[in-house]
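Input: a single structure, listed below in structure tokens.
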Amino acid sequence: MLALVYDSLLKLHLIVFQPEKLNWFDELEEEISKWEGTTIQLHKFGGTQFNFQHKELGHLHSNGVLDILFNRKLKAELIADGRASEHHVFIKSGWVSFQIKAHADVKKALELMQLAYQRTHK
């Protein structure tokens, strides 16, 4: 519950101080929602969760951190290439994090989400 409140406060901060980021997040959501078999819902800790056939691919927190699940081998490659960072909480898992700081990062975030989608869409 506290995480949902915190994420809501982050979103309010964006509305006031960085409203353009909300447009970037909308772009990401709109594109992913076009992919066959994907759905979007509220994440249990706040933000937006992206699913493929009811299984979570990743989620976007209101501070612009996109968390995506991969296997550990691919996670290591993405981190080594600088395309993603260690997950901010679950370091020993397949989760990675990617920070959306600029509009150009939306394309990079979509590439990461597309990679996760392709792996599960076989």
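The values are calculated or read from the model by the stated rules, or taken from the named source; none is laboratory data. Bear in mind that the values here come from a model prediction, so they are computed numbers and not experimental data. Note that we place each Cβ from the backbone using ideal geometry, even for glycine, and neighbour counts take in every protein chain shown.
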**Item:** Enumeration of residues in region 1-25 that are aliphatic (A, V, I, L, M) and in a helix (DSSP H, G or I)
**Value:** Leu2, Ala3, Leu4, Val5, Leu9, Leu10, Leu12, Leu14, Ile15, Val16, Leu22
**Message:** Where the second residue is of a type in the set (D, E, K, R) and at pLDDT 95 or above and the first is farther than 14 Å from His103 by Cα and lies in region 1-24, which pairs have Cβ atoms under 7 Å and are six or more apart or on separate chains?
**Reply:** Leu14/Lys21
**Item:** Yes/no for Glu36 being at pLDDT 95 or above and assigned to a helix (DSSP H, G or I)
**Value:** no
**Asked** Within region 91-109, can one find any residue that is of a type in the set (Ser, Thr, Tyr) and either touching a helix residue (DSSP H, G or I) at 6+ places or on another chain (Cβ under 7 Å) or assigned to a helix (DSSP H, G or I) (or both)?
**Response** no
**Message:** List pairs: first residue in region 50-66 and under 20 Å from Val5 (Cα atoms), second residue in a strand (DSSP E or B) and modelled with pLDDT under 95 anywhere in the structure, Cβ distance under 6 angstrom, at least six positions apart or on different chains.
**Reply:** none
**Request:** Have a look at Leu57, Leu28 and point out the one that is within 18 Å of Gln118 (Cβ to Cβ), outside any strand (DSSP E or B) and not aromatic (Phe, Trp, Tyr).
**Result:** Leu28
**Fill in**
Inside region 53-76, the number of residues satisfying the requirement of being surrounded by 21 or more Cβ atoms within 10 Å (Cβ to Cβ) and in contact with a Ser or Thr (Cβ under 6 Å, 6 or more places away or on another chain) is 2
**Prompt:** Of the numbered conditions (1) closer than 16 Å to Ala116 by Cβ; (2) in contact (Cβ under 8 Å) with a residue 40 or more places away in the chain; (3) among the basic types (Lys, Arg), Lys34 satisfies every one except a single condition; which is it?
**Reply:** (2)
**Asked** Can you name the residue in region 77-88 that is part of a helix (DSSP H, G or I) and of a type in the set (A, V, I, L, M, F, W, C) and, of all such residues, is surrounded by the most Cβ atoms within 10 Å (Cβ to Cβ)?
**Response** Leu78
**Request:** Just name the residue that is farthest from the chain's Cα centre (by Cα) out of those in region 89-122 that are loosely packed, with under 13 Cβ neighbours inside 10 Å and over 19 Å from Phe52 (Cα atoms).
**Result:** Lys92
